[in-house]
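These notes concern the structure reproduced below.
The values are calculated or read from the model by the stated rules, or taken from the named source; none is laboratory data. Small disclaimer: the values here were computed from a predicted structure and weren't measured. Using ideal geometry, Cβ is built from the backbone for each residue, glycine included, and neighbour counts are taken over all protein chains shown. Please note that ligands, DNA and RNA were not included when accessible areas were found on the heavy atoms of the full protein model with its side chains. Shrake-Rupley method; radii C 1.70, N 1.55, O 1.52, S 1.80 Å.
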Amino acid sequence: MDDRELLKVVTEIIGRENTADDCAVVPCGDQLMVLTTDMLHRTTDFIEGMSDWQIGWMSAAVTRSDIAGMGADPGYLLAAVGLDDWKSLAGVMQGAQDCCRKFGAEIIGGDIDHHEELTVVTTGIGLVDRDRIVRRTGAQPGDLVCFTGTPGQAQAYLEGYTQYEKALFEPQPRVEEGKRLGGGGVSAMMDDSDGIALSLYDLVSVNDCGFSLDSSKIPRPAGIPEDTAFELALFGGGDYELIFTLPPGRHPVEGVSYTIIGTAIRAKGVLIDGRPLEKRGYQHRWE
């Protein structure tokens, strides 16, 4: 059982419209409020060697990334920290605070409790104009498939390429890029924290189209053998970049650096160089 299979259980209970995007969306005056929650644990998310400050930074960054994927301003953060050692608290909170300050958010509260392992739950609240919100739905055949940054760097660290430590330990959510893309006419968007392949299959599940990738266009992490770099780029998780579709007439989006890696097609599914792309990436699993 993996997290996407469990998501189907939740969807049956609360409805597809409440599980289809990176964030929940509710009206807020003339704007829309977007809300998201992430839970990270020592055993599954915080890698050995991370400082308490980096744990706090990562916890805030992953939530900021969800909000960036909606094209919204990051707004506010609530942080609940379950501590196995009280001495970790100051470092965790300082890391979260520094991340929020860098990306224009404010920590406005939370909770502290005892826990058997260090656990951080962050809830992000953002605001976006109604005509600038971007959802996972909206891709159309002929749209360009685009990607910010270089995929596979965070996973590369886990594979022993230590030059990519900061990519994993201190992810940089694409907040400004998300806002610019929201105003630039992108048709669908999400963050790619689970990898390019799974992210595209997630987009296929909510759109009436598929995607065709050109392997020669996909950026690879540098300093890694080609076959390994390509594998990491397609299937590695933890990058927190943005993957989005864009009508050709809206390219380029001013102020955003991105790579065109493919196109949206009429047939459902994900292809690479004309062949089906394996559906795998980062997922939590239960036996």
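When a 1.4 Å probe is rolled over the protein heavy atoms, the share of accessible surface on the chain that falls to carbon and sulfur comes to 50 percent. Between the helical axis of 52-68 and the longest alpha-carbon principal axis of the chain there is an angle of about 40 degrees.
What the chain shows is 46 Å² of accessible area per residue, with the surface traced by a 1.4 Å probe over protein heavy atoms. Rounded to the nearest 20 debye, the dipole size of region 61-216 about its Cα centre is 580 debye, using +1 on the Cβ of Lys and Arg and -1 on the Cβ of Asp and Glu.
The alpha carbon radius of gyration of region 203-284, expressed as a multiple of 2.2 N^0.38 Å, is 1.16.
Seen from LYS8, the other residues with C-beta closer than 13 Å to its C-beta sum to a net charge of -3, counting Lys and Arg as +1 and Asp and Glu as -1. Distance check, please: which entries in LYS102/LYS217; LYS8/LYS179; LYS217/LYS268; LYS8/LYS217; LYS102/LYS166 exceed 24 angstrom between their Cα atoms? Checking Cα-Cα distances, LYS102/LYS217; LYS8/LYS179; LYS8/LYS217 exceed 24 Å. If you take the square roots of the eigenvalues of the alpha-carbon gyration tensor of region 136-266 and sort them as a ≥ b ≥ c, do you get rounded (a/c under 1.5), prolate (a/b over b/c) or oblate? Verdict is prolate for region 136-266. Applied to region 20-30, the Karplus parametrisation 6.51 cos²θ - 1.76 cosθ + 1.60 on θ = phi - 60° returns per-residue 3J(HN,Hα) values of 7, 10, 5, 9, 6, 10, 9, x, 8, x, 7 Hz, with x for Gly and Pro.
A Förster distance of 22 Å, applied to the separation of the beta-carbon atoms of GLU226 and ILE260, puts the FRET efficiency at 0.60.
Residues whose amide H lies under 5 Å from that of ILE261, counting only those 5 or more places away or on a different chain, are VAL145, CYS146, PHE147; hydrogens are built 1.01 Å from N in the peptide plane.
For region 236-249, backbone phi angles converted through the Karplus equation (6.51, -1.76, 1.60; θ = phi - 60°) give residue-by-residue couplings of x, x, x, 8, 6, 8, 10, 10, 8, 10, 9, x, x, x Hz, Gly and Pro being listed as x. Taking amide H as placed 1.01 Å from N in the peptide plane, ILE112 has its amide H under 5 Å from the amide H of VAL81, each at least 5 places away in sequence or on another chain. Cα-based values for region 59-131, radius of gyration first and Dmax second, are 13.0, 45 Å. The Rg/Rh ratio of region 1-156, with both radii computed over alpha carbons and Rh defined as the Kirkwood radius, is 0.99. Close amide H contacts of MET190 (hydrogens built in the peptide plane, cut-off under 5 Å, sequence separation of 5 or more or a different chain): ILE243. Spacing of the modelled spin labels on GLU117 and GLU5, each 7 Å from Cα toward Cβ, amounts to 2.0 nm. Residues in region 174-184 carry Karplus couplings, in order, of 8, 5, 5, 4, x, 5, 5, 5, x, x, x Hz; the curve used is 6.51 cos²θ - 1.76 cosθ + 1.60 with θ = phi - 60°, and Gly or Pro positions show x.
Other residues within the sphere of radius under 10 Å centred on the Cβ of ALA80, judged by their own Cβ, net out at -2 (K and R +1, D and E -1).
Between 0 and 90 degrees, rounded to the nearest ten: what's the tilt of helix 3-14 against the longest Cα principal axis of the chain? Long axis of 3-14 versus the principal axis of the chain: about 90 degrees. Stretching ASP273 away from LYS102 to a fully extended chain increases their span by 57.7 nm, per 0.36 nm per residue minus the current alpha-carbon distance. The slack between GLU159 and SER51, meaning 0.36 nm per residue of separation minus the straight C-alpha distance, is 36.9 nm. Mean-square fluctuations from a GNM of the chain, with a 10 angstrom spring cutoff on Cα atoms, peak among GLY210, GLY138, GLY249 at GLY249. Volume per residue for region 39-88 equals 91 cubic angstrom (convex hull of Cα atoms). Comparing mean-square fluctuations of TYR76, TYR240, TYR161 from a GNM of the chain with C-alpha springs under 10 Å, the top value falls on TYR161. If a spin label sat at a point 7 angstrom from the Cα of GLN140 along the line to its beta carbon, the backbone N atoms of region 237-254 nearer than 19 Å would be those of 244-253.
Charged neighbours of PHE46, selected by a Cβ distance under 11 Å, balance to -3 (K, R count +1; D, E count -1). From its DSSP helices (H runs of at least four residues, each -39,500 (n - 2.57)), the chain gives a residue-normalised ellipticity at 222 nm of -8500 deg cm²/dmol. MET93 exposes around 60 Å² of accessible area when a 1.4 Å probe is run over every protein chain in place.
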